[in-house]
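Bear in mind these aren't lab numbers, they're just calculated from the coordinates by the rules spelled out. What you are looking at is a predicted structure, and each value in this text was computed from that prediction instead of being measured. Note that each Cβ is placed from the backbone with ideal geometry, even for glycine, and that neighbours are counted across all protein chains shown.
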């Protein structure tokens, strides 16, 4: 079946540090991969996505590359800011019986200190 | 444009009472999802509607939970005989169901349910 595993948090970094949040997946077929972000007190919103192998999704300085050979979609940012403090969710969208069912990881909380 | 809306935003109820949570998806979105997010936890899938197809109810935790979607638009999640462990934020999301499975989900602000 389909599933997503992401690193447990919280992750605490100083401002301008390099960020990596690991995400690996198990899926049948060729899923699309997503990162969603939930800022404090706000709803979930899409951060970036990739729809096929070797695609790189990017937004707001964040990047993630769809690696089929390692079944991974790690989130990276070269220099984090305090405003990046949030919970990050990795997700995949499978195609099962023509449905577009989503599978989310457990979330990783990021705390960025000034 | 209008996003996904949910009501009420907060609901406090007594153990054993029934509650109804409402979701208005984005107009034209054929797929609708319900999730539960407990404090400090990830998203727990509950149920998924796609067009006129039978819903995927595989995530509903017990038969006290049910959901319907009328006219392919508004959805109601009903929890009967609420228990304290039902306390959580209930999130609704909608998307355009695309054959490539790459349709973005748009989330509502959630309903925070507290069962006393």
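Note on residue A:54 and residue A:15: with the Förster distance fixed at 41 Å, the Cβ-Cβ geometry gives a FRET efficiency of about 0.85.
Its relative contact order, with pairs defined as Cα atoms under 8 Å and 6+ residues apart, puts chain B at 37 percent.
Alpha-carbon geometry of segment B:17-108: the Rg and the Dmax are 13.0, 42 Å, given in that order.
Computing FRET efficiency as 1/(1 + (r/R0)^6) for residue B:41 and residue A:69, where r is the C-beta to C-beta distance and R0 is 45 Å, gives about 0.90. Remark: mean inter-chain Cβ contacts per residue of A:38-47 equal 4, using a 10 Å Cβ-Cβ cutoff to other protein chain atoms. Both radii were evaluated on the Cα set of chain A; the Rg over Rh quotient, with Rh as the Kirkwood radius, amounts to 0.97. Contact order for chain A, expressed relative to its length and based on alpha carbon pairs under 8 Å spaced 6+ residues apart, stands at 37 percent.
Listing A:18, B:45 from fewest to most neighbouring C-beta atoms within 10 Å gives A:18, B:45. Largest first, the extents of the alpha carbon coordinates of the protein assembly as shown on the three principal axes equal 49, 40, 34 Å.
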